[in-house]
């Protein structure tokens, strides 16, 4: 028999029933990386098992394909893809299909109500049958107006309208805003396959129902050919209850405190209310037991705070007063819970407030490192390209300057002094030139 400090269990690795001592030191919880590693190990095991099972089935499938009669390989034999498509097609056999000659009437309540809460099982059909006759056309005509259905001892007003059945399609056109459904249909009289026209409120959009399954590309409206777009029905979503199928103005189960995106606002409001009630009860109990003559101040949390003001007021109460009251353990636990709630709220607010800064710093460091690495890697290539560009631009100018310098005249020789020139002429004779001694 196992001791109180031991538990007995089955170990799948050793395939044995073992006993474990629970009085040992608690092992630390696994980290997120260990969790991910275990999940990856399980996923790989499943993938390997799937591959092994597929490889095991491959020989049997191949043998079955070989043993198939050769007569199915004729021209009219169905292909494997078509057979698989037929196998994937599924239709609920018990659901009755709406035929072309069936008459469908839709009943809508005139007032906002929850149909599931108002009607029980079988009550809507019994209420409608009580006011209808045996003839289908007679019943349809009766439902085309406001009718009152007996439900739970009182009468509820419903409005009926017919719904098309059979093969039909819808298209959307843009018309004048002051038109009505009747005027739009009268101006579409040249179109033979138009079954009905419904203008969407005060918008310039009209929905046209055509007979058949193909929407025409254009229609003639008021001697003008308008393009027709395919009608796509939109499903309204209610932000008050978080469901689809109705708008907010006709919501049967409104929840004003619900957040439209996550629905957490109502839970936070409920926690605030519970914190206020708990803090008020603790303060009242302390005041009664201590016998304080001062009036008890109600601790109310502001709307923008998650209970920080309540906790700050509770912590201001002295510990010696808490020890003298009846049931100090319960009060201490309550205060501890509120303090832990305050700490968690402060930590959450701090982490959320620091999140944008952390994101910006991480993005900045990432782009800075990437830019520095790219510049360092591309710097030699940039220097080489710039040097080549400068040399290509300067070389023609230098060549032109050199050519101009070599082709220019030699510098003018300085005039020699008269004494030096006479001495040179004495040694070499007078310089050749015109004879100026004989005057005419």
Subject >> Segments 198-206, 279-287 sorted - mean Cβ within 10 Å per residue, highest first >> reply: 279-287, 198-206
**OP:** Averaged over every viewing direction, what's the projected area of the C-alpha convex hull for region 168-230? Give it in nm², one decimal, please.
**Re:** 3.6
Original post:
What full-extension length gain, to one decimal in nm, is calculated for residue 401 and residue 369 as 0.36 nm per residue of separation minus the Cα-Cα distance?
Top reply: 6.8 nm
Subject >> Net length gained if the chain between residue 39 and residue 289 were fully extended (0.36 nm per residue, minus Cα distance) >> reply: 84.4 nm
Subject >> Separation in nanometres of the label points that stand 7 Å from Cα toward Cβ, at residue 155 and residue 384 >> reply: 9.6
**OP:** Return a whole-number percent for the relative contact order of region 104-163, with Cα pairs under 8 Å and 6 or more residues apart as the contact set.
**Re:** 49
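Ranked from highest to lowest mean number of other Cβ atoms within 10 Å per residue, what is the order of the peptides 143-156, 173-186, 388-401?
Values: 143-156: 13.2, 173-186: 14.7, 388-401: 9.6.
Result, highest mean Cβ count within 10 Å first: 173-186, 143-156, 388-401.
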**OP:** At 0.36 nm per residue, minus the direct Cα-Cα distance, what do residue 63 and residue 16 gain on full extension? Give it in nm, one decimal, please.
**Re:** 12.7 nm
Subject >> Two-site FRET efficiency, residue 345 against residue 249, from Cβ-Cβ distance with R₀ of 45 Å, rounded to 0.05 >> reply: 0.80
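Readers should treat all values here as calculations from the given coordinates under stated rules, not as data from a laboratory. Everything numeric in this text was worked out from a predicted model, so none of it was measured. When we count neighbours, we look across all protein chains shown, and the Cβ atoms used for this are built from the backbone with ideal geometry, even at glycine.
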